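Working notes for the structure below.
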Amino acid sequence: MATQDEIFKKLIAHCKEYGFVFPSSDIYDGLSAVYDYGQNGVELKNNIKQYWWNSMTLLHENIVGIDAAIFMHPTTWKASGHVDAFNDPLIDNRDSKKRYRADVLIEDQIAKYDEKINKEVEKARKRFGDSFDEEMFKQTNARVKEHIEKRDALHERYSVAMNAMDLNELKQIILDEEIVCPISGTRNWTDVRQFNLMFSTEMGSTADGTMKVYLRPETAQGIFVNFLNVQKTGRMKVPFGIAQIGKAFRNEIVARQFIFRMREFEQMEMQFFVRPGEEMKWFEHWKQFRLRWHKALGLGDHKYRFHDHEKLAHYANAATDIEFEMPFGFKEVEGIHSRTNFDLSQHAKYSGKKIEYFDPELNQSYTPYVIETSIGVDRMFLSIMCAAYEEQQLEGGDVRTVLHLPAVLAPVKVAILPLTKKDGLPEKAREIMNELKFKFKAQYDEKDAIGKRYRRQDAIGTPFCVTIDHDTLTDGTVTVRDRDTMQQERIAIAELSNYIDQRVNMQNLYRKLMAE
Ligand code: GAP
């Protein structure tokens, strides 16, 4: 049985082999934590973006979209707090010369205690069977009690240090916990330092000089600086939202886990502007809506959980993550933040412009509060691929690699396969292809035996394979093979378009989302 780590490595190799994700500038051996999406990857990514965009702007009359530039006036980042506070605490190991995030080293240590506790619990569960009482066991077993006490004490100390950004204390925790560098195995650590994650470059080439500009580390600020433009020109009434999809850049210290933590990535963010005092109601609303959005894809409800933040970002008064169970544990895919009126107030202060909304119902002006939903396209992509990938053991000892992608998101919806290359089958198949291609992303394939062609489509997650055989020429029917069940059924060509449409149309997903 392959470990989760092995499965993840296989998934990364699969992504490359089947045109989903390539290392950036691959012929030059890649660029750390930067990736390119291939011919299948880009289709999947576009479908994810379409699902998100329409769930926001199509299903909500009070949400509109924008597409702001990546470069923004540098004062934006002063006002937002990113110049001063968008830092990670970093630490170097003098022997391996490797750089780490101090907070990640400590969080990994906390996870180790959790692992120990879980191991003991699982051992006991097996020993006691049905009569096992987990809570009682945790309260009474001396070894587990000790692990829990150590874990909780470390967690408390860490939270306090992070909230105060006490760099000396972070280092002291690493020393006290005897955390070693995974490469050198030593505890020869430097002091902890702050590291700003924003990339900068220079704009202009005039004699007067150049201006330092940043590559945006989040898309959100493009929305805030356009609040008045959109509110006025769109005659928007609070509560309303502005959605945006776009690239963001962070000079991450530790780039790990494939496309999970990248230096160039894409975000889908929506800022929802509400009356002051109503933010908690909307925070709850968006938490629930966003979870439903994820679950509607059918990847498995048990794979999601909320994780409330203990250390709040400099702008937030409440925050939670939607985490997804990846092969390397539950990990953040989306953040939902109550950002107060911090951003709009800051931009008002730094720009000298009045950024307020006149509420005709209350007959008063105020700076709206903001609920943000922020999801990484690449992390969403990764979570879908992780859930979809299977090496399936078949009867007779064969193994097939299949991607059980949600049919609505699959890069190719239907493959058109003439059984043989003669007897007029390719011509008939082309005829069907030429009709279906106006509606669905379809792929024509006549090379190799039919079984091999099915496997190729399974590997990229194509939900339906349509086979054109000799009966097709006489009775006007084709065989449709289902990717997941491998069952085949006979369908009239005239029914084909409807049959596929019912199963891959995103409208069904939207209806499901709004019906709950
Ligand atoms: N505007 C709020 C904001 O940017 P965040 O929690 O820093 O919040 C939101 O980021 C989402 O963006 C995350 O949940 C994650 O999906 C994605 N994300 C953040 N950093 C990333 C990175 N280095 N690589 C890939 N995705 C990232």
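Tabulated results
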| read-out | value |
| --- | --- |
| Strands (runs of 3 or more DSSP E) within region 332-409 that include 1 or more residues without any contact (Cβ under 8 Å) to a residue 12 or more places away in the chain | 357-359, 364-366, 389-393, 399-403 |
| Every pair of residues 6+ apart whose Cβ atoms lie under 9 Å, when the first sits in region 428-441 and is within 16 Å of Val408 (Cβ to Cβ) and in contact (Cβ under 8 Å) with a residue 12 or more places away in the chain while the second is of a type in the set (Asp, Glu) and assigned to a helix (DSSP H, G or I) | Lys439/Asp501; Phe440/Asp501; Lys441/Glu43 |
| Qualifying residue in region 343-356 (condition: within 11 Å of the ligand (Cβ to nearest atom) and acidic (Asp, Glu)) | yes |
| Residue pairs meeting the criteria (Cβ under 7 Å; at least 6 apart or on separate chains; first crowded, with 16+ Cβ neighbours inside 10 Å, in region 113-126; second of a type in the set (A, V, I, L, M, F, W, C) and not in a helix (DSSP H, G or I)) | Ala124/Phe132 |
| Among residues of region 197-233, those that are within 30 Å of Arg94 (Cα to Cα) and either within 14 Å of the ligand (Cβ to nearest atom) or crowded, with 18+ Cβ neighbours inside 10 Å (or both), counted | 4 |
| Given (1) hydrophobic (A, V, I, L, M, F, W, C); (2) modelled with pLDDT under 95; (3) within 14 Å of the ligand (Cβ to nearest atom), number of the condition Val399 does not satisfy | (3) |
| Residue in region 156-174 that is part of a loop (DSSP other than H, G, I, E, B) and away from the ligand (no atom under 16 Å from the Cβ) present | yes |
| Condition met for Val377 (over 30 Å from Glu431 (Cα atoms) and of a type in the set (A, V, I, L, M, F, W, C)) | yes |
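Results for (1) in the same structural domain as Ile183 (by TED's automatic domain parsing); (2) of a type in the set (Phe, Trp, Tyr); (3) surrounded by 14 or more Cβ atoms within 10 Å (Cβ to Cβ), shown as yes or no for each residue.
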site	(1), (2), (3)
Phe22	no, yes, yes
Asp29	no, no, no
Lys45	no, no, yes
Gly81	no, no, yes
Lys98	yes, no, yes
Val104	yes, no, yes
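The values are calculated or read from the model by the stated rules, or taken from the named source; none is laboratory data. What you are looking at is a predicted structure, and each value in this text was computed from that prediction instead of being measured. Backbone-built Cβ (ideal geometry, glycine too); neighbour counts: all protein chains shown.
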